[in-house]
1. Could you grab me the full set of residues in segment 55-76 that are among the β-branched types (Val, Ile, Thr), under 12 Å from the mean Cα position of the chain (by Cα) and in a strand (DSSP E or B)?
2. Which numbered condition trips up Leu43, out of (1) surrounded by 11 or more Cβ atoms within 10 Å (Cβ to Cβ); (2) part of a helix (DSSP H, G or I)?
3. Mind checking which residues of segment 1-28 are outside any loop (DSSP other than H, G, I, E, B) and closer than 13 Å to Val56 by Cβ?
4. Can you name the condition, by its number, that Leu37 falls short on among (1) surrounded by 15 or more Cβ atoms within 10 Å (Cβ to Cβ); (2) in contact with a Leu (Cβ under 6 Å, 6 or more places away or on another chain); (3) modelled with pLDDT under 95?
Amino acid sequence: MSLPRVFVDFHNADEQGRLRLNCIGSIEDLAHQRDGLRNGQSLTLYSEDLEVDGIVEFSEEEKIWVTVIDWDQIREVEELALQCST
């Protein structure tokens with residue numbers, strides 16, 4: 001079973017290295033999810049040609065949802081157009 005995919009800006013990390021889920025692309029992707037976010041939820045985060053799996057947390061400091069990722073596990077993915085042509 002694949003994880004829900006949510007757009008992120010890999011340059012939008014907090015001081016702890018967690019990716020914030022507050023950019024327009026993240027908000028749009030989350031709006032299409034049936035369930036709301038919850039602590040401990042797993043997501044696949046993506047941005048153009050990069051993706052990584054992460055765990056959702058609520059940042060009490062910033063009052064927003066963030067994801068904990070392993071920065072060494074970011075992987076490059078082929079563009080969707082290339083995947084569809086094979």
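1. Narrowing segment 55-76 to residues among the β-branched types (Val, Ile, Thr): 55-56, 64, 66-69, 74.
Retained after the next criterion (residues that are under 12 Å from the mean Cα position of the chain (by Cα)): 55-56, 66-69, 74.
Within segment 55-76, Ile55, Val56, Val66, Thr67, Val68, Ile69 qualify.
2. Among (1) surrounded by 11 or more Cβ atoms within 10 Å (Cβ to Cβ); (2) part of a helix (DSSP H, G or I), the lone unmet condition for Leu43 is (2).
3. Looking only at segment 1-28, we keep the residues that are outside any loop (DSSP other than H, G, I, E, B), and these are 5-7, 13, 19-20, 24-28.
Within segment 1-28, Val6, Leu19, Arg20, Ser26 qualify.
4. (2)
The values are calculated or read from the model by the stated rules, or taken from the named source; none is laboratory data. Here the structure is a predicted model, which is why all the values come from computation and not from measurement. As a convention, Cβ positions derive from the backbone with ideal geometry for all residues, glycine included, and neighbour counts pool all protein chains shown.
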